[in-house]
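Trainee: Before I ask anything, let me first share the structure, which is written out below as structure tokens.
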Amino acid sequence: MASFQLELSYWLHGLGEIARTQGRFDEARGLHLRSLAIRDKVLPADSRILVGTIRALAVMADAEGRYADAAKAYERLVKIAADDANMARTFEGLANSYYGLGLYRDAEPVYKRALEMTEKAHGPDPHVAGILNNLANLYEAQGRYFDVEPLHKRALAIREKHLGPDHEDVAASLHNLADLYQNLGRYQEAQQLEKRALDIKEKTLGPNHAAFGQSLMVLAHIYGSLGRYEDAEPLIRRAVAIYEKAGVQYQRSLAGAFQAFAELRQIQGKHNEAEDLLQRAIGIEKTALGPDHPNLVNTYNALANLLDEQGRGGEAKEYLQRALEIAEKSLGREHPEALWSRVSLALREAEKYVLAPQLRRHRRRGKLGEGGAEAGEHEPAIHSDAVLRAKRLFADRDYPLHCPLGLGTAFGSIALQVPGWRVHRRRGYAHVPEKFRGSTRRA
């Protein structure tokens, strides 16, 4: 009887693999789960026969964005197949699942182990470049911006050497580097790299591929940062249309596009439309990623800023507090998003920490520019305790600091009183000068 059941499990596994390779994931999942259920009954829990079916289930779950299921399957593979030839890929898959779940601190050591094993076995090949790319994205999510660039540059060099200058993976590395540069305010470099990536993607993947949409979004962010809103909007609209057809694995990208669209509408004074877009983004992220995923932190902060701009401070505070809870739990107290949330809440704790009406008027009119307010228009009117709080939070950080549109201008009121600090007017980008970064000095 046991031998018959085992043979049946092989047939089910084979049919499942056929369905999986043909992209019929629902059917494939059902077949593999039936195969695994039989094998779990008739085989020991650590039998190597289980490996193929568990791996297939893990790969499908990862591809479909079911990261909890993928992590569970990969963790089981690690236990029963520690000496498997594909163990480096198992660690990579496990790290990707942790990243998808927002478990960034758990993902890092697993990525590093996968990188070490792969590089030892194959040298600096395109697979190594892929892991370097994923590790760099993890560091960026953690706010470790100065650790990101060397990894992306190394991945790009490996891919160009092994794959040629016009390969889609080269385009992916160009895109990642461009995305980093636009976050750092290096817009000219970012635009050059992203346009090259866009050309490659259009030739190799086509103009309706989700990766093409990602490049459109980076260019939209660049144009928005430069005040070219009329150029940014059609790119965002086109990216949204692409993501809506791209499948469940791009729901996170769709939410990000809605948030970018909301920022644009906020600048244009269309607050109701901006709020609707942000609520749609939040709904997508909660459904696709879970209610405590760190992606929600930035979206909650953006919504809080929008509400605060409309005089709805009580509602804004609730979203800021929720953002802070998630950020400190999943990202750590030192992450930029957690720091921004704490500063924003500090500014709202009491009236003495709130920007004076005159400064609020200048903020609404967009007159906080590079280097602060326009010269001679007003004196900063914010309590010195808020400056002290901000300097203590930010002076020792060794990375550039960013925040959702508007929170940067709130921080700009503080930066006005700290020599050498500056704020980009439109995007809400705060720069801490070199003499403050990495210092042990406290304000």
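Trainee: Would you check which residues across region 267-283 are out of contact with any Ser or Thr (no Cβ under 7 Å at 6 or more places or on another chain) and either touching a residue at least 60 places away in the same chain (Cβ under 8 Å) or crowded, with 21+ Cβ neighbours inside 10 Å (or both) and list them?
Mentor: Within region 267-283, the subset out of contact with any Ser or Thr (no Cβ under 7 Å at 6 or more places or on another chain) is 267-277, 279-280, 283.
Selection gives Ile267, Ala274, Leu277.
Trainee: Can you give me the ranges of the helices (runs of 4 or more DSSP H) entirely in region 1-119 with at least 3 residues that are out of contact with any strand residue (DSSP E or B) (no Cβ under 6 Å at 6 or more places or on another chain) and within 30 Å of Ala136 (Cβ to Cβ)? Quick ask: steps written out before the conclusion?
Mentor: Details: elements: 2-21, 25-42, 51-63, 67-80, 87-100.
Output list reads 51-63, 67-80, 87-100.
Quick grid of which residues meet (1) farther than 22 Å from Leu94 by Cα; (2) out of contact with any helix residue (DSSP H, G or I) (no Cβ under 8 Å at 6 or more places or on another chain); (3) not assigned by TED's automatic domain parsing to the domain that holds Ala88:
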| site | (1), (2), (3) |
| --- | --- |
| Phe4 | yes, yes, no |
| Leu12 | yes, no, no |
| Ala19 | yes, no, no |
| Arg24 | yes, yes, no |
| His32 | no, no, no |
| Val42 | yes, no, no |
| Arg48 | no, no, no |
| Leu57 | no, no, no |
| Ala63 | no, no, no |
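Trainee: Being crowded, with 22+ Cβ neighbours inside 10 Å and modelled with pLDDT of 95 or more is the filter here, so list the residues in region 99-113 that pass it.
Mentor: Hits for region 99-113 are Ala107, Val110, Tyr111.
Trainee: Using the structure shown, decide if Ala288 is small (Gly, Ala, Ser) and without any contact (Cβ under 8 Å) to a residue 60 or more places away in the chain. I'd like the intermediate steps shown before the answer.
Mentor: Numbers: small (Gly, Ala, Ser): yes; without any contact (Cβ under 8 Å) to a residue 60 or more places away in the chain: no.
Answer is no for this residue.
Trainee: Turning to a different aspect of this structure: Out of (1) over 26 Å from Asp166 (Cβ atoms); (2) of a type in the set (Ser, Thr, Tyr); (3) out of contact with any Phe, Trp or Tyr (no Cβ under 7 Å at 6 or more places or on another chain), what's the single condition that is false for Ser225?
Mentor: Condition (3) is where Ser225 drops out.
Residues are listed down the side, and each one gets a yes or a no for (1) closer than 18 Å to Ala19 by Cα; (2) of a type outside the set (A, V, I, L, M, F, W, C); (3) touching a residue at least 24 places away in the same chain (Cβ under 8 Å):
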position	(1), (2), (3)
Val59	yes, no, yes
Ala63	yes, no, yes
Tyr67	no, yes, yes
Ala70	no, no, yes
Lys79	no, yes, yes
Asn86	no, yes, yes
Glu92	no, yes, yes
Ala95	no, no, yes
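Trainee: If you scan region 319-341, which residues turn out to be surrounded by fewer than 18 Cβ atoms within 10 Å (Cβ to Cβ) and either of a type outside the set (Asp, Glu) or in contact with a helix residue (DSSP H, G or I) (Cβ under 8 Å, 6 or more places away or on another chain) (or both)?
Mentor: So in region 319-341, the residues surrounded by fewer than 18 Cβ atoms within 10 Å (Cβ to Cβ) come out as 321, 325, 328-329, 332-334.
Within region 319-341, Gln321, Glu328, Lys329, Gly332, Arg333 qualify.
The rows are residues; the columns are (1) under 30 Å from Leu339 (Cα atoms); (2) at pLDDT 90 or above.
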| position | (1), (2) |
| --- | --- |
| Gly123 | no, yes |
| Ile131 | yes, yes |
| Leu135 | yes, yes |
| Tyr139 | yes, yes |
| Gly143 | yes, no |
| Val148 | yes, yes |
| Arg154 | no, yes |
| Gly164 | no, yes |
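Trainee: I've got another one for you. Is it true that Leu135 is within 19 Å of the chain's Cα centre (by Cα), closer than 27 Å to Asn183 by Cα and hydrophobic (A, V, I, L, M, F, W, C)? So that I can check it myself, show each step before the final result.
Mentor: Details: within 19 Å of the chain's Cα centre (by Cα): yes; closer than 27 Å to Asn183 by Cα: yes; hydrophobic (A, V, I, L, M, F, W, C): yes.
It is true that Leu135 is within 19 Å of the chain's Cα centre (by Cα), closer than 27 Å to Asn183 by Cα and hydrophobic (A, V, I, L, M, F, W, C).
Trainee: Out of (1) part of a helix (DSSP H, G or I); (2) in contact (Cβ under 8 Å) with a residue 60 or more places away in the chain; (3) under 18 Å from the mean Cα position of the chain (by Cα), what's the single condition that is false for Lys329?
Mentor: Among (1) part of a helix (DSSP H, G or I); (2) in contact (Cβ under 8 Å) with a residue 60 or more places away in the chain; (3) under 18 Å from the mean Cα position of the chain (by Cα), the lone unmet condition for Lys329 is (2).
Trainee: Go through (1) out of contact with any helix residue (DSSP H, G or I) (no Cβ under 7 Å at 6 or more places or on another chain); (2) modelled with pLDDT of 90 or more; (3) buried (at least 17 other Cβ atoms within 10 Å of the Cβ) for Ala71 and report which single condition fails.
Mentor: Looking at each condition in turn, Ala71 falls short on (1).
Trainee: Quick one: which residue in Gly247, Gly256 is outside the structural domain of Asp62 (by TED's automatic domain parsing) and either surrounded by fewer than 19 Cβ atoms within 10 Å (Cβ to Cβ) or in contact (Cβ under 8 Å) with a residue 40 or more places away in the chain (or both)? Quick ask: steps written out before the conclusion?
Mentor: On the way: Gly256 fails: either surrounded by fewer than 19 Cβ atoms within 10 Å (Cβ to Cβ) or in contact (Cβ under 8 Å) with a residue 40 or more places away in the chain (or both).
Only one candidate qualifies: Gly247.
Trainee: When you check Val240 against the structure, is it in contact (Cβ under 8 Å) with a residue 12 or more places away in the chain and within 20 Å of Tyr223 (Cβ to Cβ), yes or no?
Mentor: Details: in contact (Cβ under 8 Å) with a residue 12 or more places away in the chain: yes; within 20 Å of Tyr223 (Cβ to Cβ): yes.
Considered against the rule, which asks whether it is in contact (Cβ under 8 Å) with a residue 12 or more places away in the chain and within 20 Å of Tyr223 (Cβ to Cβ), Val240 comes out as yes.
The values are calculated or read from the model by the stated rules, or taken from the named source; none is laboratory data. Owing to the predicted nature of the structure, the values given are computational and were not obtained by experimental measurement. As a convention, Cβ positions derive from the backbone with ideal geometry for all residues, glycine included, and neighbour counts pool all protein chains shown.
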